[in-house]
1. Compute the length gained on full extension between residue 94 and residue 128: take 0.36 nm times their separation in residues and subtract their Cα-Cα distance, giving the result in nm to one decimal.
2. Identify the GluC sites (Glu not before Pro) of region 47-113 meeting these criteria: DSSP loop state and at most 16 other C-beta atoms within 10 Å of the C-beta.
3. Most mobile of 196, 328, 79 per a Gaussian network model of the chain (Cα springs, under 10 Å)?
4. Taking the Cα centre of region 64-215 as the origin, how large is its charge dipole in debye, to the nearest 20, when only Lys and Arg (+1) and Asp and Glu (-1) carry charge on their Cβ atoms?
5. At 7 Å along the Cα-to-beta-carbon direction for both residue 302 and residue 4, put a label point, then send me their distance in nm to one decimal.
6. Report, by chain and number, residues whose modeled amide H sits under 5 Å from the one on residue 266, excluding near sequence neighbours (fewer than 5 apart, same chain).
7. Can you pull the one-decimal nm distance between simple spin-label points at residue 214 and residue 322, each 7 Å off the Cα toward Cβ?
8. Which far-off residues, 5 or more places away or on another chain, put their amide H under 5 Å from the one on residue 381, with H placed in the peptide plane?
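Since every read-out is calculated from the coordinates, none of them should be taken as a lab result. Note that the structure is a prediction, hence the values are computed from the model and not measured. Don't worry about glycine lacking a Cβ; one is built from the backbone with ideal geometry, like all the others, and counts go over all protein chains shown.
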Amino acid sequence: MESSRPVIIGYDAISALGSDLEEQWQRALAGESGIDTLTRFPLTNDFPVRIAGQVPDIDDLPYPFLTARHQASWSSPIFKYGMLSVARALENSTLEIGQELAPRVAITYSSAIGGLDAVLNADRRLQAENKLPPPYANPNSCINMIGGKIAIQTGAQGPIVSTVTACATGLTSMITGAMFIAQGRADVVICGAVDFALVEPIVAGFYTMNGVYNPKDGVQETAQEASRPFSLNRRGFVISEGAGAVILASKEFAEAHRLDFSIELAGWGMTSDAHHFVAPYFDTIKRCMEISIDDAGISASDIAAINAHAASTRVGDKVEYDAIKAVFGKTAPPVSANKSLIGHAMGASSVIESIFTFQGMRDGLLPPTINYQADPEIDIDCVAEGKRKLKQEFVLKNSFGFGGCNSCAVFRRVK
């Protein structure tokens, strides 16, 4: 029902392109890459991954929860970056969560990986120095703890869940928030995701899975050239970090409280591949797109643009293209692949990319897909020439995660 579709009243993101959203957006429109040398941990000569998408430091920003004492206990960066994204998204919305509203504010903000770095550090100390873990080590690693910390930060007392669907986590968080609003269980939902996967065994593990970018022998390439979705010479994804928050509200609540909005979550779909633990499956990805379009009450021809999952893997990009072709035929709309700019921020990627979608709908612009070399098997318009002017009423966002977790959403510009 149209009346149950939530509207977006605020959002914020931190990515490899920067900590300020408008700066990130302008860099994205300019086709700048946020990929550079991996410096999160010391690299041995034989460590196989050398590049990453790293976010800037935020310790000098004026937010009261970013204190030295706070960070000493909550050492995983997911907390300070996730909480910052929420604080700024709420500021952007102008919403104040008072005592009366608090029970009607839900939280679905989550993480695909969580604070595993804290447990790994504690284990290393235990093995090397025979020192027991610090008392906050286990809480740091709890997936649901980022939502819990955000509840404490904001005072929200409504339903709280951790929506973990691997790379699709951020978009699934928004879809779950839409469910709470549609069911009348919340008026406002704090959605989003944060992930910091640049930890040695996680990075090395993606390499042994043959998923992460691996340069061709004898070919010299810059870090900025490595992420190339849909491209003939794509060679895997670039691991990145990031956080994004989106504040959803029922339309009635937003209008009653005179909260500004211009975009609604018009429709969504979720499917399970039930096929393979990492390889995407054409049938269920195609169906996920179709469900989201149907749920929005529109036809495929109404979609002005697609913000693709497009991780830069050989198999994944081809399956997504095949599904797009099957849904849209020869008249497929232009496709933006933001991971060419910011890399793959794991569970946070889909919410950051959704936020870039909102920016594009606001400005009537599509950011480019950089590093593109046409693949004869992927006949796609991926805005490779640079930013493009395009009025966008409806945009489809795709996101697909390990375990066959597929989430798609249709966003609509309403003002």
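1. On the way: separation 34, 0.36 × 34 = 12.24 nm, distance 4.88 nm.
Using 0.36 nm per residue and subtracting the Cα-Cα distance, I get 7.4 nm.
2. Working: sites: 91, 96, 100; in loops: 96, 100.
Those satisfying the criteria are 96, 100.
3. Greatest mean-square fluctuation among the candidates belongs to 328.
4. Details: 9 positive and 9 negative charges, 39 e Å.
The calculation lands at about 180 debye.
5. Using points 7 Å along Cα→Cβ, the separation is 1.7 nm.
6. Hits under the 5 Å cutoff: 410, 411, 412.
7. 2.2
8. 335
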